[in-house]
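Below is one structure, written out as structure tokens; the observations come after it.
The values are calculated or read from the model by the stated rules, or taken from the named source; none is laboratory data. Note that the coordinates shown come from a computational prediction; the quantities given were computed from them, not determined experimentally. Every residue, glycine among them, receives a Cβ derived from its backbone with ideal geometry; neighbour counts consider all protein chains shown. Surface areas here come from the heavy atoms of the whole protein model, side chains and all, with no ligands, DNA or RNA. Shrake-Rupley method; radii C 1.70, N 1.55, O 1.52, S 1.80 Å.
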Amino acid sequence: GFIALFGVAVLNGIVLIGEFNRLRQAGVTDMNDVVLTGTATRLRPVLMTAFVASLGFLPMALATGAGAEVQRPLATVVIGGLITSTLLTRLVLPCLYIYFEKGLSTKKS
């Protein structure tokens, strides 16, 4: 479960960073435009990746049969982690991208 969580979080980050870099190569120079356009463009893929992974853990979270006392807490934590990582990918990653790209551009000059 945690391997799936880390995989989805990394995949969503790569999708966003790849879109930001593609926009910069296309000639968009304003970092705010890059981040706003990139996050808006990649909203559906990021949300769908997290939603499908969460949907896969839903039967474990709702289990009541044998072994449910182990499955339910694990699935609940993984689903919560998917939601949290998706929110952090949408909010924190763009801020970090702006911060590091501005830092790199001032060092190049």
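A few remarks follow.
- Gaussian network model of the chain, springs between alpha carbon atoms under 10 Å - residue of G27, G81, G18 with greatest fluctuation: G27
- Three semi-axes of the equivalent ellipsoid, the chain, Cα gyration tensor, whole Å, largest first: 36, 13, 9
- Against the chain, whose longest principal axis comes from its Cα atoms, helix 31-41 is set at around 40 degrees.
- Between helix 43-61 and the chain there is an angle of about 20 degrees, using the helix long axis and the longest principal axis of the Cα atoms.
- Shown are I98, I3, whose ranking by accessible area with a 1.4 Å probe and every protein chain present, most to least, is I3, I98.
- Taking all Cα pairs closer than 8 Å and separated by 6 or more residues, the relative contact order of the chain comes to 36 percent.
- 37 °C / 0.692 mPa s Stokes-Einstein diffusion coefficient of segment 35-94, Kirkwood radius on C-alpha pairs, µm²/s: 261 µm²/s
- In whole percents, the pair-distance distribution calculated for segment 12-65 from its alpha-carbon pairs, binned every 5 Å from zero, is 4, 19, 21, 15, 11, 8, 8, 6, 4, 2, 1, 0.
- Helix 2-25 vs. the chain, principal-axis angle (Cα, 0 to 90°, nearest 10): 20 degrees
- Taking every protein chain into account, the 1.4 Å probe leaves E101 with about 50 Å² of accessible area, to the nearest ten.
- Listed residue (I79, G7, S54) projecting farthest to the positive dipole end of the chain, Cβ model: G7
- Taking Cα centre as origin and charging only the Cβ of basic (Lys, Arg, +1) and acidic (Asp, Glu, -1) residues, the dipole magnitude of the chain rounds to 240 debye.
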